[in-house]
Amino acid sequence: MTTPDKLVKLEIVDLAFDGKSVAHLNGKVVFLKGGLPGETVEAEIVQSRRTFDKALVHRIIKKSEHRIEARCSHFNQCGGCTWQDLDYEQQLLFKHKQIVDCLERLGGFKDIEVAPLLRVEEPFWYRNKMEFSFHVDDDDTLRLGLHERGRFDRIFDLSKCYLQSELSNQVVTWVRNFALENDISAYNVKTHEGYLRFLVIRETARTDQLMVNLVTNQGDFPDVDKLVAEMTSAIPEITTIIHNRTGKVSNVAVGETEEILFGPGYIEEELSGRRFLIRANSFFQTNSLQAEKLYGVAFEMLDPKPDERVLDLFCGAGTIGILLADKVAEVLGVELVEDAIEAASRNAAINDIDNITFFCGHVRDFLKQTPPEQLGQPTVIVDPPRAGLHPKAIKRIITVRPEKLVYISCNPATFARDAKLLTEAGYTLPQVRPVDMFPHTMHIELVGRFYRS
Ligand SMILES: C[S@@+](CC[C@H](N)C(=O)[O-])C[C@H]1O[C@@H](n2cnc3c(N)ncnc32)[C@H](O)[C@@H]1O
């Protein structure tokens, strides 16, 4: 138990990137779990380092006027939403401030205009994909749910999440009950024994399709016909069920082999009037409605012309290139994951697009192998994962000398780092336009257009 003399009184002044709050004590920065800017709290210092301390909020002495009641009963425990207790306007302002901070601190930029975040219309029920983990507690109890905040090794049983849909909550409860009733074991991340690893649910916003993807350890699913018959009869909205198997120790919800247990093995979403096939293992923006806005911002900044050749780097299932194809002469998409490339080719076909081709491989290898003159100064769109662009990829993009370069980023820190290299090579970046895709979480998506000077 903490004695009162171990507690300190702190004024929260800011929010940090990882959702923690920030205060100062004796000239040091303190990162706190809990607390909002403007609040005075009583906190316990739980870790002390040379340059910073970590603390836990015990009691709020003075409440922020922007604090609201979190809707979710799991809020204090769950690692998913960090800011459900902060009103949405303030969430947007903090995200904006974090982008400005990153550009300044990591990119050295002082005069880039950062537009206000494009907000969502519905801040709940917005995700089209959720990944739930199976877990076995020390007392052998099977759990199915989400990670406890800050814990890779602890899962709590989810009863209701407000980020996907009521239907998704029903699937989670049904699958957990089925595993318990049929005595199917859960995988243990420490011993690597046990069978059920993840339940991934993907659901479309516009076409009412729902994919259940069960990721397990190696081996056949026990009594699989019973599983499919009972699941589809209990939840008839399910349109496809997939079984992915993986024996890898790394804890990622991707299988080495995939089997379709029910339905076509994919779902199809509609974005900006085009249809997109989504496979279990291929990337698709997780907020369908806001993805349309994100792409809209990118296209506005790109300002495509009918004679342009576009390189869509990190193209996933081809969404960007396919939505651009009728506005430009030709598109070439590059993507690492084979499943995604397969989906991209089918997406082009179902949308009757014949001026797009895809290359499966690393972006940097593609750029190394392809002589710049063969690419002929294309317009370039990059949409890399959180790690951003590899310095070699940046070097090769610069060699291609695109006049127009649009960068979609899900990480302002790596964006700022990469933008610095691009501006050092002669590009200018007058403006950044962020789009809020993930309310209540600290995730940020932004678009920047670089001009060759
Ligand atoms: C943020 S997603 C963007 C996908 C797509 N542009 C979209 O909007 O749906 C990043 C994509 O890059 C792919 N990827 C990751 N590393 C890569 C690499 N080195 N080379 C090519 N693609 C890569 C991932 O598989 C993923 O599909």
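Summary of computed values
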quantity: Sites Asp303 and Arg275 - FRET efficiency at Förster radius 30 Å, r taken between beta-carbons, to 0.05; calculated: 0.70
quantity: Counting DSSP beta bridges with both ends in segment 316-446, the antiparallel % (nearest 5); calculated: 25
quantity: Potential extension, Arg206-Glu42 segment - 0.36 nm per residue separation minus Cα distance; calculated: 54.4 nm
quantity: Mean Cα-pair separation over length for segment 275-347, i.e. relative contact order, pairs under 8 Å, 6 or more apart, %; calculated: 40
quantity: Straight-distance crosslink candidates among lysines, where the alpha carbon sits under 26 Å from Lys95 and sequence neighbours closer than 8 are dropped; calculated: Lys20, Lys28, Lys33, Lys54, Lys62, Lys63, Lys110, Lys129, Lys293, Lys420
quantity: Accessible-area ranking of Leu323, Leu167, largest first, probe 1.4 Å; calculated: Leu167, Leu323
quantity: Antiparallel DSSP beta bridges within segment 129-270, percent to nearest 5; calculated: 75
quantity: Simple Cβ-charge dipole of segment 129-270, Lys/Arg +1 and Asp/Glu -1, about Cα centre, in debye nearest 20; calculated: 460
quantity: Among beta bridges that DSSP assigns inside the chain, antiparallel share in %, nearest 5; calculated: 65
quantity: Interchain or long-range residues, amide H under 5 Å from Leu32's placed H; calculated: Ser21, Val22, Ala23, Ala55
quantity: Alpha-carbon centroids, segment 374-389 and segment 1-77: separation in whole Å; calculated: 40
quantity: Total formal charge among the other residues, if their Cβ is under 11 angstrom from that of Gln77, Lys/Arg +1 and Asp/Glu -1; calculated: +1
quantity: Area accessible to solvent at Ile398, 1.4 Å probe radius, in Å²; calculated: 50
quantity: Radius 11 Å from Cβ of Glu237, net charge of other residues (Lys, Arg +1; Asp, Glu -1); calculated: -3
quantity: Aspartates and glutamates whose Cα lies under 18 Å from that of Lys368, excluding same-chain neighbours fewer than 8 positions away; calculated: Asp312, Glu335
quantity: Segment 170-287, accessible surface, carbon-and-sulfur percent (1.4 angstrom probe); calculated: 48
quantity: Radius 10 Å from Cβ of Leu271, net charge of other residues (Lys, Arg +1; Asp, Glu -1); calculated: 0
quantity: Label-point separation in nm, Leu56 to Asp225, each point 7 Å along Cα→Cβ; calculated: 5.2
quantity: Residues with amide H under 5 Å from that of Ile242, placed H, sequence gap 5 or more; calculated: Val212, Asn213, Leu214, Leu261
quantity: Kirkwood Rh, Cα atoms: Rg over Rh of the chain; calculated: 0.98
quantity: For Glu300, solvent-accessible area (1.4 Å; no DNA, RNA or ligand), Å²; calculated: 120
quantity: Cα pair count fraction exceeding 23 Å, expressed as % - segment 126-263; calculated: 27
quantity: Segment 280-394 shape via C-alpha gyration tensor axes, a/c threshold 1.5; calculated: rounded
quantity: Computed over the chain: relative contact order in percent, which uses C-alpha pairs under 8 Å that are six or more apart; calculated: 13
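The values are calculated or read from the model by the stated rules, or taken from the named source; none is laboratory data. Computed from a prediction, not measured in an experiment: that's the story for all the values here. Cβ: placed from backbone, ideal geometry, glycine included. Neighbour counts: every protein chain shown. We work out accessible area using only protein heavy atoms, side chains counted, and drop any ligands, DNA or RNA first. Shrake-Rupley method; radii C 1.70, N 1.55, O 1.52, S 1.80 Å.
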